[in-house]
Amino acid sequence: MTELTGKTLIVTGASMGIGRAVALELAGNGINLVLNARHAPALEAAAADCAALGIAARPLAGNAATAETAAALVAEALRLGDFYGFIHAAGVVHPGPLLWELAPQDFEEELESHVIAAYQLIRAAVPQLLQQDGGLAVFFGSAAADALIPGVGAYSLAKAAEERLARQLAYEAPGITTLIYRPDA
């Protein structure tokens, strides 16, 4: 990762789980970070842990599925300097209920966290990255995107749509390195 040392990346879902682990690994490799999650206390703790590794880490709590939050993330990354892209690790899953049993707000939250947030990040970040001749866009996929699994229908749908969105970005903006990482595959 030495080619990214000193650059700035946005990481969503950075307050816990995979997002936090990714943020800490990046920080340990000298990459400055703008960290995002919806819950401020856990996000601020993650940012403090990252900053303790000697990098600039700025927490920005909010829902990345809103245009305002996505724009604020990019603006903060530009302020830090050497903005190079984003890693979209945020996501929600409500396992258990069958598709028709899932509460509408839970269905919407799953789509929002995976797909709408990815779209808003693309809208906010890609024009900046194209102005500087490229960058990085990383999305977390899942084997569930290709599977029919009872109790995770909305998650499977959201992951399939997120992966398709990432493929479309790769096609439309070939100067941006676009990756889909499937930790379960």
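The values are calculated or read from the model by the stated rules, or taken from the named source; none is laboratory data. The structure displayed is predicted, hence computed values, not measured ones. Virtual Cβ from ideal backbone geometry, glycine too; neighbours counted across all protein chains shown. We work out accessible area using only protein heavy atoms, side chains counted, and drop any ligands, DNA or RNA first. Shrake-Rupley method; radii C 1.70, N 1.55, O 1.52, S 1.80 Å.
If eta is 0.692 mPa s and T is 37 °C, what Stokes-Einstein diffusion coefficient results for region 65-173, Kirkwood Rh from Cα pairs, in µm²/s? It would help to have the intermediate numbers written out before the result.
Working: Rh = 14.6 Å.
Diffusion coefficient, whole number: 224 µm²/s.
Dimensions of the chain from C-alpha coordinates, computed as largest minus smallest value along each principal axis and given longest first, are 47, 37, 31 Å. Taking 7 Å steps out from each Cα toward its Cβ at residue 49 and residue 5 produces label points 2.4 nm apart.
With both labels modelled 7 Å from their Cα along Cα-to-Cβ, the residue 39 to residue 167 distance reads 3.4 nm. Shape index of region 1-47: Rg/Rh, with Rg the Cα radius of gyration and Rh the Kirkwood radius from the inverse mean 1/r over Cα pairs, equals 0.97.
Our summary gives region 59-185 a relative contact order of 30 percent, counting only alpha carbon pairs under 8 angstrom and 6 or more residues apart.
Averaging the Cα positions of each part gives two centres, and for region 87-162 and region 1-79 these lie 19 Å apart. Taking the accessible area of the chain, probe 1.4 Å, and keeping the other protein chains in place, the carbon and sulfur fraction comes to 58%. Per residue, the Cα convex hull of region 7-84 amounts to 68 Å³. Overall size of region 113-157 from C-alpha positions, given as principal axis extents largest first: 44, 16, 9 Å. Taking GluC sites (Glu not before Pro) across region 117-185, none is in a DSSP loop with at most 12 further Cβ atoms lying within 10 angstrom of its Cβ. Listed peptides 17-30, 138-151 appear in the order 17-30, 138-151 once ranked by packing, highest mean of other Cβ atoms within 10 Å at the front. Taking amide H positions as modeled 1.01 Å from N, with prolines and chain starts lacking one, the residues under 5 Å from residue 138 and 5 or more places away or on another chain are 86, 87, 88, 179.
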